[in-house]
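The values are calculated or read from the model by the stated rules, or taken from the named source; none is laboratory data. Small disclaimer: the values here were computed from a predicted structure and weren't measured. We place every Cβ from the backbone using ideal geometry, glycine too, and count neighbours over all the protein chains shown. Keep in mind that these areas ignore ligands, DNA and RNA; they rest on the heavy atoms of the full protein, side chains included. Shrake-Rupley method; radii C 1.70, N 1.55, O 1.52, S 1.80 Å.
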Amino acid sequence: DGPEDKFSLGPCAERMGELLGQDVKLVSDCIGDEVKSSVDAASEGDVLMLENTRFYKEEEKNEPEFVEKLAAPFDLYVNDAFGTAHRAHASTEGVTKFLSPSVSGFLLAKELEYLDGAVSDGKKPMA
């Protein structure tokens with residue numbers, strides 16, 4: 001139901017900048033003209049972080065109009081968030097209909113490999 005400072009990704013952008021050793025620009029929204037202009041102005045190697053998609057109720061409802069706006073400025077999609085991969089939300093499932101390629105990232109692949117090993121080679125009986 002709209003932005004709340006306590007849910008802003010500002011601290012995440014700041015910490016990511018520290019870890020990467022470079023500025024990470026937090027774009028104050030996740031859709032719209034500011035996102036498009038920030039993406040268009042970005043140079044190779046720049047890192048942008050979009051503000052929290054959860055500020056829009058359309059995110060969890062996976063509403064097509066919102067999905068299209070969310071995907072519009074981008075060419076591809078990488079999901080590296082194992083903890084959210086099961087959700088059929090705009091930012092996890094919806095954008096895959098508009099962005100190709102849509103792929104899993106290295107962390108998600110690592111989690112799946114770990115689970116496969118735990119299931120196929122795990123101690124028996126499995127509780």
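Against the main long axis of the alpha-carbon atoms of the chain, helix 10-20 sits at an angle near 70°.
Extension gain, Arg54 to Glu113: 0.36 nm times the residue separation minus the Cα-Cα distance gives 18.3 nm.
A value for Cα Rg over 2.2 N^0.38 Å was derived from the coordinates, and within the list [x] 1.11; [y] 1.15; [z] 1.22 it appears as [z]. The amide H of Asn79, built 1.01 Å from its N in the peptide plane, has Val103, Ser104, Gly105 as neighbours under 5 Å, considering only residues 5 or more places off or on other chains.
Placing unit charges on C-beta atoms (Lys and Arg positive, Asp and Glu negative, everything else neutral), compute the dipole magnitude of the chain about its Cα centre in debye, rounded to 20. All intermediate terms of the calculation are to be shown ahead of the outcome.
Values: 13 positive and 26 negative charges, 123 e Å.
With Lys and Arg at +1 and Asp and Glu at -1, about 600 debye.
Taking trypsin sites (Lys or Arg not before Pro) as exposed when DSSP calls them loop and at most 15 other C-beta atoms lie within 10 angstrom, the chain has its longest site-free stretch at 1-86. Proximity of backbone amide H atoms, modeled 1.01 Å from N, is registered between Val47 and Lys25 at under 5 Å, excluding neighbours fewer than 5 places apart on the same chain.
Taking the chain as the region of interest, the number of lysine pairs whose Cα atoms are within less than 16 Å, with members eight or more places apart or on different chains, is 6. Carbon-plus-sulfur accessible fraction, the chain (probe radius 1.4 Å, protein heavy atoms only): 55%.
Among 28-34, 47-53, how do they line up by average Cβ neighbours within 10 Å per residue, starting with the highest? Display every interim value, and only then the final one.
On the way: 28-34: 16.3, 47-53: 18.0.
Output ranking for 28-34, 47-53: 47-53, 28-34.
Across the stretch 108-124, computed HN-Hα scalar couplings (Karplus, 6.51 cos²θ - 1.76 cosθ + 1.60, θ = phi - 60°) run 5, 4, 4, 4, 5, 4, 4, 4, 4, x, 5, 7, 7, 10, x, 5, 10 Hz from first to last residue, x flagging Gly and Pro.
Longest segment of the chain with no chymotrypsin sites (Phe, Trp or Tyr not before Pro) in a DSSP loop having at most 16 other Cβ atoms within 10 Å? Counting only loop sites that pass the neighbour cut-off, the longest clear stretch is 1-73. Evaluating 6.51 cos²θ - 1.76 cosθ + 1.60 at θ = phi - 60° for every residue in the stretch 36-45, the Karplus couplings come out as 4, 5, 5, 5, 4, 7, 5, 9, 4, x Hz, glycine and proline recorded as x.
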